[in-house]
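Peer 1: To start, I am sharing the structure in question, which I have written as C-alpha cells.
The values are calculated or read from the model by the stated rules, or taken from the named source; none is laboratory data. These numbers come from a predicted model, not from an experiment. Here the Cβ is made from the backbone with ideal geometry for all residues, glycine too, and neighbour counts use every protein chain on show.
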Amino acid sequence: MSEDQRRYKKAMTVLTQEQPGKDGQTLIELYTEKQSKYTKVVAEKNAAFNNALIASNDATKGDANPKKAAKEHYDRWVQEHARTWRNYVQAAYMDWVVTGKKEEVEYWFSVVDQDSALSRVEQSKASFVLEFLTSFYLTSSDLISRKSCAGPLSRTRMAHANIKR
C-alpha cells in the first residue's frame, strides 16, 4: 500500500469511527449535526436583524423624517439585541468546534479530498482541457508561415498565439 493509500484509509477510519457517548454517531455525523445547528443559528440571527429592520421601517412611517426615525429605531434594537445574537452564534460555533471536532474533521476531509479518486478525475479533466487548447491553437510562427490563413478564424488563432507568448 502506498503512503497516500495509507493516509486515505486512516482518514476514512477516523471519520467513520463511532464517537464514545454519542449514541453511535460517527465523527462525520456529529460534525454535520453541529454544523447544521450553527448554520441554523446564523440564519435565525439574520432573520431577526431583517425583521427588526422591517419593523423599524413600519413603525416610523408616519414620522416627519421616516428614514432618520427608522434608522434610530433600528440602531436602538441593534444596541439592545446584537450582543445576545452574537453570543448565540459564538456558542453554536464553539459547540461545532469543540464537540463536533471541526478542526480535526476538516483536516481529515482535506486528506480524503486530496487523495480521492474524484480529485484525480478532476485533475485529469483539467490537464486534458489544457492539452486540447494548447494543441488546438497554432503557434504564431505556424500562422505567419501560412499565406492562405487570412480568414477571421485564423486571426483569432493568431491573437491567441500572441497572447500565449
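Peer 1: Given the structure, is residue 6 in a helix (DSSP H, G or I) and under 30 Å from residue 109 (Cβ atoms)?
Peer 2: The answer is yes for residue 6.
Peer 1: Would you say residue 31 is closer than 30 Å to residue 83 by Cα, of a type outside the set (Lys, Arg) and at pLDDT below 95? Explain how you work it out, then say what you get.
Peer 2: Details: closer than 30 Å to residue 83 by Cα: yes; of a type outside the set (Lys, Arg): yes; at pLDDT below 95: yes.
Spelling it out, residue 31 is indeed closer than 30 Å to residue 83 by Cα, of a type outside the set (Lys, Arg) and at pLDDT below 95.
Peer 1: All but one of (1) exposed (fewer than 14 other Cβ atoms within 10 Å of the Cβ); (2) free of Cβ contacts under 8 Å to residues at least 40 places away in the same chain hold for residue 4; which doesn't?
Peer 2: Here residue 4 clears every test but (2).
Peer 1: Continuing with the same structure: Got a number for residues in the stretch 27-52 being in contact with a helix residue (DSSP H, G or I) (Cβ under 7 Å, 6 or more places away or on another chain) and hydroxyl-bearing (Ser, Thr, Tyr)?
Peer 2: Residues of the stretch 27-52 in contact with a helix residue (DSSP H, G or I) (Cβ under 7 Å, 6 or more places away or on another chain): 27-28, 31, 34-35, 37-38, 41-42, 45, 48, 52.
So of that shortlist, the ones also hydroxyl-bearing (Ser, Thr, Tyr) come out as 31, 38.
Result for the stretch 27-52: 2.
Peer 1: Considering only residues that are loosely packed, with under 13 Cβ neighbours inside 10 Å, among the hydrophobic types (A, V, I, L, M, F, W, C) and under 18 Å from the mean Cα position of the chain (by Cα), which ones fall in the stretch 16-52?
Peer 2: The one that is loosely packed, with under 13 Cβ neighbours inside 10 Å, among the hydrophobic types (A, V, I, L, M, F, W, C) and under 18 Å from the mean Cα position of the chain (by Cα): 43.
Peer 1: Additional query: Hey, residue 38 hits all of (1) more than 30 Å from residue 8 (Cβ to Cβ); (2) part of a helix (DSSP H, G or I) but one; which does it fall short on?
Peer 2: (1)
Peer 1: Please list, ordered by first then second residue, the pairs with beta carbon atoms under 9 Å, 6 or more apart or interchain, first in the stretch 50-67 and under 22 Å from residue 85 (Cα atoms), second among the β-branched types (Val, Ile, Thr) and modelled with pLDDT of 85 or more.
Peer 2: From residues that are under 22 Å from residue 85 (Cα atoms), the pairs are 52/78.
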